[in-house]
Amino acid sequence: FELAAYDVRTRLQGEILRLCGDTGDARSHIINPAPKQATLAAQIGATREAVTRHLKEMEEDGLIEFRRGVIAVTRLDKLRQITPAPSGQHLFRPRADLRGGS
C-alpha cells in the first residue's frame, strides 16, 4: 500500500527511518554502512535518479549528511515528525490480524 499511496520522498524518508532502527529519543543516528542509492531505490520502488535527487534535497534541508561510507541522520527528530507513518508500521492492519480478534 505504501508504494502506491506515498510519494518517493516520503517512502525514502520512511526507509531512512527504518534503517535507523529503534533509536529511542535520539536526535541523530549514523547509518553504517550507507546503502547504495540503487539499493534504496529498489527497496522503495523508485528510480536511482529520483533517490539521488531526494537525498540531495534532504541534505540541503539539513536532515542528513553524507560522510565517508555512512549517512549521518542529523535531524532524526525532524525526520520522524515529517514522515506520516512510523517506520515499520502500516496504515492498515493485515487481514490476518482482523480475523484473529474478538
So which pairs qualify, if the first residue must be in the stretch 50-68 and free of Cβ contacts under 8 Å to residues at least 24 places away in the same chain, the second must be open to solvent by less than 70 Å² (accessible area, probe 1.4 Å) and hydroxyl-bearing (Ser, Thr, Tyr), the Cβ gap must be under 6 Å, and the two must be at least 6 apart or on different chains? 65/74
Which numbered condition residue 82 misses (of (1) of a type in the set (A, V, I, L, M, F, W, C); (2) in contact with a helix residue (DSSP H, G or I) (Cβ under 6 Å, 6 or more places away or on another chain); (3) in contact (Cβ under 8 Å) with a residue 24 or more places away in the chain): (2)
State yes or no: is residue 45 farther than 16 Å from residue 66 by Cα and either at pLDDT 95 or above or open to solvent by less than 50 Å² (accessible area, probe 1.4 Å) (or both)? no
Given the conditions (1) modelled with pLDDT under 95; (2) farther than 17 Å from residue 5 by Cα; (3) exposed (fewer than 14 other Cβ atoms within 10 Å of the Cβ), which single one is not true for residue 79? (3)
The residue that is nearest to residue 51 (Cα to Cα), considering only those in the stretch 3-18 that are of a type outside the set (A, V, I, L, M) and open to solvent by less than 80 Å² (accessible area, probe 1.4 Å), is 9
Condition first: of a type in the set (A, V, I, L, M, F, W, C), open to solvent by less than 40 Å² (accessible area, probe 1.4 Å) and more than 13 Å from the chain's Cα centre (by Cα). Now tell me which residues in the stretch 19-33 satisfy that. 26
Kindly evaluate residue 95 against the criterion of being modelled with pLDDT under 90, open to solvent by 100 Å² or more (accessible area, probe 1.4 Å) and over 19 Å from residue 9 (Cα atoms). yes
Restrict the check to the stretch 4-16 and report whether at least one residue is in contact with a strand residue (DSSP E or B) (Cβ under 8 Å, 6 or more places away or on another chain) and either touching a residue at least 40 places away in the same chain (Cβ under 8 Å) or within 15 Å of residue 79 (Cβ to Cβ) (or both). yes
For the stretch 35-56, which residues satisfy the criterion of being within 13 Å of the chain's Cα centre (by Cα) and within 17 Å of residue 72 (Cα to Cα)? 35, 37, 40, 51, 54, 55
If only one of 60, 65 is of a type in the set (Asp, Glu), modelled with pLDDT of 90 or more and loosely packed, with under 11 Cβ neighbours inside 10 Å, which one is it? 60
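The values are calculated or read from the model by the stated rules, or taken from the named source; none is laboratory data. Since this is a predicted model, take the numbers as computed values, not measurements. Quick reminder, even Gly has a Cβ in these numbers, built from the backbone with ideal geometry, and neighbours come from all protein chains shown. When the accessible area is computed, the model is the full protein with side chains, heavy atoms only, and any ligands, DNA or RNA have been set aside. Shrake-Rupley method; radii C 1.70, N 1.55, O 1.52, S 1.80 Å.
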